[in-house]
Amino acid sequence: MRVVLIAVQSLDGFITRHDRPGAGFASAADQAHFRAALPEFDCAVMGRVTFETAHASGPALANPVRRRVVLTRTPGRHAASAVPGALEFTSAGPAEIIAKLRSDGCRACALLGGGQVHRLFLAAGLVDEVWLTVEPRLFGGGTPLLAGPADVALELRSHALLDANTLLLKYAVRR
Ligand SMILES: NC(=O)c1ccc[n+]([C@@H]2O[C@H](COP(=O)([O-])OP(=O)(O)OC[C@H]3O[C@@H](n4cnc5c(N)ncnc54)[C@H](OP(=O)(O)O)[C@@H]3O)[C@@H](O)[C@H]2O)c1
């Protein structure tokens with residue numbers, strides 16, 4: 001199963017503008033790219049904060065991916081919202097999560113953040129590709145793309161302009 005980290009960031013590497021939750025700074029072009037990309041994934045993994053932020057933003061940001069796995073250290077707290085096979089809350093480690101999705105027949109997993117979850121899966125060597133939209137913004141602060149140190153080498157596979165100012169970079173993780 002292929003695991004693809006998908007994110008939009010400012011030029012200086014922040015996935016939120018300061019302490020404002022969500023990616024409200026993303027251009028219309030990035031939002032269109034994100035919506036168009038998601039249907040090619042049959043599962044998605046994200047952190048509890050990202051899940052709740054998207055949920056609070058309403059149906060416009062609802063994730064169309066069939067099966068969603070949300071990382072939390074307290075899955076029991078979310079038991080009432082869980083839907084087996086469609087929306088799961090887990091405290092399992094990244095390798096266990098990916099192994100389970102793979103054994104259930106999933107073929108493509110979108111890793112949807114946020115910074116803590118990006119770092120966890122990259123550090124575990126479980127990410128195959130990084131699709132990064134770079135918006136022409138400088139924030140100087142916010143949630144970083146990776147919450148903590150990491151050292152991951154990438155190979156640029158493609159680059160495209162989504163509009164006059166917004167760049168989409170697709171990388172493979174170098175093994
Ligand atoms: N621009 C973008 O592309 C983009 C993408 C995604 C998210 N975002 C934004 O980024 C922000 C969220 O990022 P974030 O880094 O603060 O949070 P996050 O990665 O979405 O979630 C962090 C949460 O994940 C759970 N978690 C982390 N490590 C874990 C582990 N080892 N085991 C089990 N659970 C674990 C914990 O949940 P509990 O506290 O429940 O234990 C933790 O609070 C939001 O504002 C979101 O909208 C932006």
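The values are calculated or read from the model by the stated rules, or taken from the named source; none is laboratory data. Worth saying up front: this structure is predicted, and the values here are computed from it rather than measured. Positions of Cβ are backbone-derived with ideal geometry, glycine not excepted, and every protein chain shown enters the neighbour counts. Just so you know, the surface numbers come from the protein's heavy atoms only, side chains and all, with ligands and any DNA or RNA stripped out. Shrake-Rupley method; radii C 1.70, N 1.55, O 1.52, S 1.80 Å.
Descriptive notes on the structure:
- Pairwise alpha-carbon distances in the stretch 4-119 exceed 16 Å for 60% of all pairs.
- Centroid-to-centroid, using Cα positions, the stretch 73-123 and the stretch 128-175 are 22 Å apart.
- Once backbone amide H atoms are built at 1.01 Å from N, residue 167 has 134, 162 as its partners under 5 Å, excluding neighbours fewer than 5 places away on the same chain.
- On Cα atoms only, tilt of 94-103 relative to the major axis of the chain in degrees: 70 degrees
- Local electrostatic count at residue 9 - Lys and Arg +1, Asp and Glu -1, tallied over other residues with Cβ under 13 Å: -1
- Choice from 128, 163, 30 with maximal GNM fluctuation in the chain (Cα, 10 Å cutoff): 163
- For residue 1, the solvent-accessible surface computed with a 1.4 Å probe is close to 40 Å², ligands and nucleic acids excluded.
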